[in-house]
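Input: a single structure, listed below in structure tokens.
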Amino acid sequence: MAASPRTSPRTILHADMDAFFVSVELRRHPELVGRPVVVGGTGNRGVVAAASYEARRYGVHSALPSAIAKRRCPHAVFLPGDHDHYGEVSRQVREVFDRYTPLVEPLSLDEAFLDVTGSLKLFGDGVTIGHRIRDDIRDELQLGCSVGVATNKFLAKLASVEAKPQAHRDRIEPGEGVTLVRPDAEQEFLDRLPVKRLWGVGPATLEKLERLGIATVRDLRRIDLPVLSTAIGPNLAGHLAALAVGADDREVDPDREAKSISHEETYPLDKHTPREMRRELVRLADAVAQRMRNQGVGARTWQVKVRFAAGFTTITRSVTTGDHLDRAPDILELVGPVLDAVDPSPGVRLLGLSGSNLGQPAAQLTFDDLDVSTPDVGATTHALDAIRQRFGDGAIGPASAVSAGRLTTVRRGSQQWGPDEDRTSR
């Protein structure tokens, strides 16, 4: 049966933590409050995860190479990221969101959509709920949060940006904290925005739009669709034309599942030999497989990502199997030959492994499984999981990951922003 049309607009919130990683670190290092602080990979191949507003005054921002950030703001304090701790604080933030609605769709550790349409009679209008959420997070967690309020997800996300503090070269301008896009003023709100704020407008698309004289959303809205389609393609043109009038009918999805599970590492020094590459692949397969099992899923499609030092050239190779794999030996058997076909001699700076096409693992039984002389990989895997659950991820790992008497297992988030030190990987 077709769903009945909505008789009233939804109230959607986009809650976005302010400089989340830095703000969490400042709780642990209150002596750094008011100073330029940067969190991320501290090595020359690292990237910035977050910058305090004091650091942003010098042009430091997320995704900026750490080496450039240090040149722009040499007196900044650089701190390595702590993904596990940020994850725990993120769960505390989520508990605040859950007080106001069960319809919470997390986008990352520091932002989420909330559909509070069914909560208005309990807690007040969207702006009131936004302020209540901000107050709870400030009072209980000593963190800042900006909230956008609108009738759909697209507009709410744009509004949360308007609510944030702004760093200028000579000052830090406080934000409103909560910004409302009224249903009767949506087009007015959109028209003044630069077109690069729309989803799907990257550098290449922006260049094409600028050739057409399109600088703002108003400019985009006024151009003929056939002209736009010729310039950027019909699919993207239709997508941007819809956003230009604020059209977005996506629901807030609290049950959104991960589409892939992956890990990649950037190395302080390049890898040049197949032996080094295979050792790193073993570590990655062990870590990704563990995360698969923790979430009760396996992957049918596996992709290896290799980035060379020369020219930052990146290649990907993927392979799909009939089973949903969640055990490292099976994954290595599948993707090992794929990596072996790549020549690492020019120097590899990054290696990644991802599994997608997720589902319930159900490997086919083979005759080897009936042979008592064949090692029981399943039992070994269960024992491995039990040891790690009791003693931690660093208690046991692949033999190839042991060097100088130390086990260098892969930790989730440990390489999210690049290496913290420029040294030879052990």
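All conditions in (1) more than 18 Å from ILE261 (Cβ to Cβ); (2) in a helix (DSSP H, G or I) hold for ASP343, with the sole exception of (2). Across segment 128-143, the number of residues qualifying as surrounded by fewer than 17 Cβ atoms within 10 Å (Cβ to Cβ) and either outside any loop (DSSP other than H, G, I, E, B) or touching a Pro at 6+ places or on another chain (Cβ under 9 Å) (or both) comes to 6. Residues in segment 144-187 that are assigned to a strand (DSSP E or B), more than 19 Å from ALA19 (Cβ to Cβ) and over 23 Å from the mean Cα position of the chain (by Cα): ALA150, LEU180.
Listed by first and then second residue, the pairs linking a residue in segment 110-128 that is touching a residue at least 40 places away in the same chain (Cβ under 8 Å) and closer than 11 Å to THR11 by Cβ to a residue that is of a type in the set (Phe, Trp, Tyr) and surrounded by 19 or more Cβ atoms within 10 Å (Cβ to Cβ), with Cβ atoms under 8 Å apart and 6 or more places separating them unless they lie on different chains, are LEU114/PHE97; LEU114/TYR100; VAL116/TYR100. From the list LEU32, LEU64, LEU13, which one is at pLDDT 95 or above, surrounded by fewer than 23 Cβ atoms within 10 Å (Cβ to Cβ), within 21 Å of PRO165 (Cα to Cα) and touching a helix residue (DSSP H, G or I) at 6+ places or on another chain (Cβ under 9 Å)? So the residue among LEU32, LEU64, LEU13 that is at pLDDT 95 or above, surrounded by fewer than 23 Cβ atoms within 10 Å (Cβ to Cβ), within 21 Å of PRO165 (Cα to Cα) and touching a helix residue (DSSP H, G or I) at 6+ places or on another chain (Cβ under 9 Å) is LEU32. Mind counting the residues in segment 56-71 that are within 20 Å of ARG169 (Cα to Cα), of a type in the set (Gly, Ala, Ser) and free of Cβ contacts under 8 Å to residues at least 60 places away in the same chain? Qualifying residue count, segment 56-71: 4.
Quick check on this structure: which one of ALA185, ALA215 is over 18 Å from LYS153 (Cα atoms), of a type in the set (A, V, I, L, M) and free of Cβ contacts under 8 Å to residues at least 60 places away in the same chain? None of the others qualify; the one that does is ALA215.
Going through ARG72, ARG91 one at a time, which residue ends up being modelled with pLDDT of 95 or more, closer than 30 Å to VAL195 by Cβ, in the same structural domain as ASP16 (by TED's automatic domain parsing) and out of contact with any strand residue (DSSP E or B) (no Cβ under 6 Å at 6 or more places or on another chain)? That would be ARG72, the only listed residue that is modelled with pLDDT of 95 or more, closer than 30 Å to VAL195 by Cβ, in the same structural domain as ASP16 (by TED's automatic domain parsing) and out of contact with any strand residue (DSSP E or B) (no Cβ under 6 Å at 6 or more places or on another chain). Per the conditions (1) over 26 Å from LYS153 (Cα atoms); (2) part of a strand (DSSP E or B), the sole criterion not satisfied by ILE68 is (2).
Just a yes or no: is a residue in segment 218-239 within 30 Å of LEU155 (Cα to Cα), not in a helix (DSSP H, G or I) and not β-branched (Val, Ile, Thr)? Within segment 218-239, one or more residues are within 30 Å of LEU155 (Cα to Cα), not in a helix (DSSP H, G or I) and not β-branched (Val, Ile, Thr). Take GLY46 and tell me if it is more than 30 Å from ARG182 (Cβ to Cβ), in contact (Cβ under 8 Å) with a residue 40 or more places away in the chain and among the small types (Gly, Ala, Ser). Yes. Restricting segment 267-300 to residues that are among the β-branched types (Val, Ile, Thr) and surrounded by 15 or more Cβ atoms within 10 Å (Cβ to Cβ), which is farthest from the chain's Cα centre (by Cα)? Among them, the one singled out is VAL282.
Every listed requirement among (1) assigned to a loop (DSSP other than H, G, I, E, B); (2) buried (at least 17 other Cβ atoms within 10 Å of the Cβ) is met by GLU251 save one, (2). Restricting attention to segment 301-320, the residues that are more than 21 Å from the chain's Cα centre (by Cα) and surrounded by 18 or more Cβ atoms within 10 Å (Cβ to Cβ) add up to 1.
The values are calculated or read from the model by the stated rules, or taken from the named source; none is laboratory data. If you're wondering where the values come from, they're calculated on a predicted model, not measured in any experiment. In this analysis, Cβ positions are derived from the backbone assuming ideal geometry, glycine residues included, and neighbour counts consider all displayed protein chains.
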